[in-house]
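Asks: One structure, as structure tokens, below. Some questions next.
The values are calculated or read from the model by the stated rules, or taken from the named source; none is laboratory data. Small disclaimer: the values here were computed from a predicted structure and weren't measured. Positions of Cβ are backbone-derived with ideal geometry, glycine not excepted, and every protein chain shown enters the neighbour counts. Only protein heavy atoms, including side chains, enter the accessible area calculation; ligands, DNA and RNA are left aside. Shrake-Rupley method; radii C 1.70, N 1.55, O 1.52, S 1.80 Å.
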Amino acid sequence: DTKMNSIANFDVFLDANMIIYISQFKKYDVATWLNTLYNRIYVHIEVLDELRLAQARDLCTTQIELSNWILFDPENSDILNDDQFEIYNSFLYEVRKDFTDFQLTRPEKRTTDKGDIGILAGCRTLSIAVISTQDGDFEKVINTNNYVVNTEEDESGEDVPIEVHNLEMLLLLCVMNNIATLPQVKKFISVVTTHPKRILDSLESKLRDTK
């Protein structure tokens, strides 16, 4: 399980929906919460391309320009060397096939999963064990296909499953690590989500369980 009692000092891929949530909220600098919580924050170039809202795209490009976030462009040799690029393309092919199989099980098929596929291929190439997303498809595909990575953070040297930090988990970690207060988190959730009470009730329950 996630190391919830200390700063989650590990690398993460950020999905488009999280960037949109953060960009919609102006009262607090939620991007700084993430920058404090995580080590390296990667944004896949396919995810950047998906950001149609100007405020979300501006937030993302600003964080990249400030070197707070890293633009994961697989064709950039500063990101992947030649060997890693070959490995990435192999994973990309595999994950694309797995997503195609997964789409057959969904009643409603989205037209594209390019960002999701790129994120998972990137995680497997760089051994990044965390994705921050509100998209439930990730966990289903990860669990169905047993995607694991071997990270430096895991001292046992054993493979660990890629883990999803949804909004609730992300904010739980922020409160537990004194990065944000519960009132700040409540305000954020009430502004950016359509069902804030459900998330808040679950969040407060988990906080009680950790005391």
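Asks: What residue, of 186, 140, is open to solvent by 80 Å² or more (accessible area, probe 1.4 Å) and either assigned to a helix (DSSP H, G or I) or without any contact (Cβ under 8 Å) to a residue 24 or more places away in the chain (or both)?
Replies: Exactly one residue qualifies, and that residue is 140.
Asks: Moving to a separate point now. Taking residue 103 as meeting all but one of (1) in contact with a Phe, Trp or Tyr (Cβ under 6 Å, 6 or more places away or on another chain); (2) open to solvent by 20 Å² or more (accessible area, probe 1.4 Å), write down the number of the exception.
Replies: Among (1) in contact with a Phe, Trp or Tyr (Cβ under 6 Å, 6 or more places away or on another chain); (2) open to solvent by 20 Å² or more (accessible area, probe 1.4 Å), the lone unmet condition for residue 103 is (1).
Asks: Among the numbered criteria (1) within 14 Å of the chain's Cα centre (by Cα); (2) open to solvent by 50 Å² or more (accessible area, probe 1.4 Å); (3) within 21 Å of residue 28 (Cα to Cα); (4) charged (D, E, K, R), which one does residue 163 miss?
Replies: Evaluating residue 163 over (1) within 14 Å of the chain's Cα centre (by Cα); (2) open to solvent by 50 Å² or more (accessible area, probe 1.4 Å); (3) within 21 Å of residue 28 (Cα to Cα); (4) charged (D, E, K, R) leaves (3) as the failure.
Asks: Would you check if there is a residue in the range 144-160 being at pLDDT below 90 and part of a strand (DSSP E or B)?
Replies: The answer is yes; a qualifying residue exists.
Asks: Right, next: Being part of a loop (DSSP other than H, G, I, E, B) and open to solvent by less than 10 Å² (accessible area, probe 1.4 Å) is the requirement here; does residue 128 meet it?
Replies: yes
Asks: Going residue by residue through the range 92-115, is there one that turns out to be basic (Lys, Arg) and closer than 22 Å to residue 23 by Cβ?
Replies: Within the range 92-115 (the criterion being basic (Lys, Arg) and closer than 22 Å to residue 23 by Cβ), the answer is yes, since at least one residue qualifies.
Asks: Only one of 114, 206 is under 21 Å from residue 41 (Cα atoms), surrounded by 14 or more Cβ atoms within 10 Å (Cβ to Cβ) and of a type in the set (Lys, Arg). Can you tell me which?
Replies: 114
Asks: Within the range 61-95, track down each residue that is within 19 Å of the chain's Cα centre (by Cα), in contact (Cβ under 8 Å) with a residue 24 or more places away in the chain and either under 22 Å from residue 10 (Cβ atoms) or open to solvent by 50 Å² or more (accessible area, probe 1.4 Å) (or both).
Replies: 63, 68, 69, 70, 71, 72, 73, 74, 88, 91, 95
Asks: Further question: Report, by residue number, each residue of the range 49-60 that is assigned to a loop (DSSP other than H, G, I, E, B), over 15 Å from residue 25 (Cβ atoms) and open to solvent by 50 Å² or more (accessible area, probe 1.4 Å).
Replies: Answer for the range 49-60, where residues must be assigned to a loop (DSSP other than H, G, I, E, B), over 15 Å from residue 25 (Cβ atoms) and open to solvent by 50 Å² or more (accessible area, probe 1.4 Å): just 52.
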